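Trainee: Shown below is the structure under consideration.
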């Protein structure tokens with residue numbers, strides 16, 4: 001067994017700290033893969049470098065390539081990386097706390113990698129990959145766990161991104177998110193709750209934690225519609241039916257329509273992608289169900305615009321009325337590098353109230369944003385959250401400014417100067433730094449050594 005040292009962290013926990021060096025094993029094996037000449041030694045390392053071995057029947061079959069893949073997945077699990085990136089003939093790499101770290105060796109060439117993909121995806125999904133250029137799947141490997149796979153083409157050649165799925169859903173209190181508000185949203189009887197953010201921002205993890213909270217604290221029938229099914233829940237107090245788009249139902253919208261006849265209390269939709277899905281989600285909420293889903297938007301105001309953009313202008317008024325009546329809350333989140341290592345979520349929270357419902361009804365996303373910025377019960381802006389992360393020394397100032405939708409206002413706030421709008425909205429309140437929501441991080445005092453551009 002050879003070990004190499006990578007500059008970078010060793011993750012501790014889902015979004016936890018990490019150390020300065022990672023020993024990554026480079027296993028070697030003297031076992032010849034099936035189909036290779038018995039008198040020729042074939043090593044794991046040679047396979048990882050994409051070495052081709054010709055036999056009387058052609059190239060190395062899938063089982064040998066799968067050994068290579070499982071070796072990389074073992075390293076991924078050992079070091080708690082979130083993703084494994086494999087492109088034909090290139091260096092394999094892991095994503096650790098948002099950063100890329102390369103593994104030794106090379107990914108097999110296009111032919112062997114395609115055989116590996118066929119072995120793990122099957123003929124039907126490979127046909128989808130060939131025709132559309134990308135396909136999603138999930139696999140379970142004994143001793144390693146469960147993984148989500150996106151197979152795609154780059155410059156006509158095969159490539160894979162494999163994401164590690166946790167073995168169990170996290171507790172809401174472990175996520176550095178406003179857990180009290182999320183728990184309250186999770187236990188509502190009806191309404192639409194959206195978790196938003198870019199790819200890889202932890203949306204699925206947050207939804208899984210909300211489902212797990214229901215599982216521990218309520219008696220409900222939860223139906224999930226996923227593409228693919230990721231985390232496998234262990235039922236406690238809830239019945240949880242997990243359905244996969246493609247194998248159990250053709251589309252999210254179709255699955256939603258049938259779910260209404262399956263005695264659900266809660267419906268989780270992996271992602272809202274089109275008008276048909278949001279239409280079915282609103283119908284489910286209107287008929288007394290709690291609906292949870294995700295959108296690839298960055299904040300509540302953009303979420304409203306995106307949903308309205310699914311529909312023709314002529315339907316805008318009706319859609320706004322339905323959203324105003326049924327939207328219970330929006331959590332936007334993004335992951336930032338943490339000073340202690342790993343990543344920490346920054347978030348925006350909007351739990352709807354009568355004034356916000358009026359903003360939605362009248363189509364005023366900018367007024368929604370101003371109301372969230374003013375704060376209050378169930379309302380936390382990104383800037384308020386980011387300010388708390390900087391003041392508590394969890395995140396560097398530069399990272400916070402880069403993540404902010406309004407970096408100038410964040411900078412002024414950190415210097416103790418409130419914008420005119422915020423001063424007006426907060427007139428009459430005690431002076432000092434706001435909390436980041438009822439259960440969010442405490443801003444505390446300005447950290448020593450914090451130097452802001454232009455400050456004395």
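Trainee: Having 1 or more residues that are touching a residue at least 40 places away in the same chain (Cβ under 8 Å) and within 26 Å of residue 229 (Cα to Cα) is the bar; report the helices (runs of 4 or more DSSP H) wholly within segment 265-381 that clear it.
Mentor: Numbers: elements: 275-286, 300-309, 316-326, 354-362, 365-374.
Counting at least 1 such residues, we get 275-286, 300-309.
Trainee: Does residue 327 count as surrounded by 21 or more Cβ atoms within 10 Å (Cβ to Cβ) and either modelled with pLDDT of 95 or more or outside the structural domain of residue 366 (by TED's automatic domain parsing) (or both)?
Mentor: Values: surrounded by 21 or more Cβ atoms within 10 Å (Cβ to Cβ): yes; either modelled with pLDDT of 95 or more or outside the structural domain of residue 366 (by TED's automatic domain parsing) (or both): yes.
Taking the combined requirement at face value, the residue satisfies it.
Trainee: Is it the case that some residue within segment 256-274 is farther than 30 Å from residue 305 by Cβ and in contact with a helix residue (DSSP H, G or I) (Cβ under 8 Å, 6 or more places away or on another chain)?
Mentor: No, that holds for no residue.
Trainee: Kindly check whether there is at least one residue in segment 207-214 that is within 29 Å of residue 353 (Cβ to Cβ), over 19 Å from the mean Cα position of the chain (by Cα) and without any contact (Cβ under 8 Å) to a residue 24 or more places away in the chain. Before you say what the answer is, go through the steps one by one.
Mentor: Within segment 207-214, the first condition is being within 29 Å of residue 353 (Cβ to Cβ), and the residues that meet it are 207-214.
Checking the rest, the ones that are also over 19 Å from the mean Cα position of the chain (by Cα) come to 214.
Next, from what is left, pick out any that are without any contact (Cβ under 8 Å) to a residue 24 or more places away in the chain: none.
No, segment 207-214 has no match at all.
Trainee: For segment 330-354, which residues satisfy the criterion of being buried (at least 20 other Cβ atoms within 10 Å of the Cβ) and farther than 17 Å from residue 392 by Cβ?
Mentor: 330, 331, 332, 333, 334, 348, 349, 350, 351, 352
Trainee: Looking only at segment 192-204, which residues are modelled with pLDDT of 95 or more and over 13 Å from residue 270 (Cβ atoms)?
Mentor: 192, 193, 196, 197
Trainee: Please state which one of 377, 354, 345 is out of contact with any helix residue (DSSP H, G or I) (no Cβ under 8 Å at 6 or more places or on another chain), under 24 Å from residue 316 (Cβ atoms) and either in the same structural domain as residue 303 (by TED's automatic domain parsing) or at pLDDT below 95 (or both).
Mentor: After applying the criteria, what remains is 354.
Trainee: Right, another one. Would you mention how many residues in segment 237-264 are closer than 18 Å to residue 290 by Cβ and assigned to a loop (DSSP other than H, G, I, E, B)?
Mentor: 7
Trainee: Could you identify the single residue in 223, 211 that is in the same structural domain as residue 284 (by TED's automatic domain parsing), assigned to a helix (DSSP H, G or I) and at pLDDT 95 or above?
Mentor: 211
Trainee: Additional query: Residues of segment 263-281 being more than 22 Å from residue 208 (Cβ to Cβ) and touching a strand residue (DSSP E or B) at 6+ places or on another chain (Cβ under 7 Å), which ones?
Mentor: Matches in segment 263-281: 263 only.
Trainee: Any idea how many residues of segment 388-408 are within 20 Å of residue 300 (Cβ to Cβ) and under 23 Å from the mean Cα position of the chain (by Cα)?
Mentor: Step one: filter segment 388-408 for residues within 20 Å of residue 300 (Cβ to Cβ), giving 388-389, 400, 403-407.
Next, only the ones that are under 23 Å from the mean Cα position of the chain (by Cα) stay: 388-389, 400, 403-405.
Final tally of qualifying residues: 6.
Trainee: Looking at (1) out of contact with any helix residue (DSSP H, G or I) (no Cβ under 8 Å at 6 or more places or on another chain); (2) touching a residue at least 24 places away in the same chain (Cβ under 8 Å); (3) surrounded by fewer than 21 Cβ atoms within 10 Å (Cβ to Cβ), which is the only condition residue 183 fails?
Mentor: (1)
The values are calculated or read from the model by the stated rules, or taken from the named source; none is laboratory data. Predicted model only: the values in this text are computed from it and were never measured. All Cβ positions, glycine included, derive from the backbone under ideal geometry; neighbour counts span all protein chains shown.
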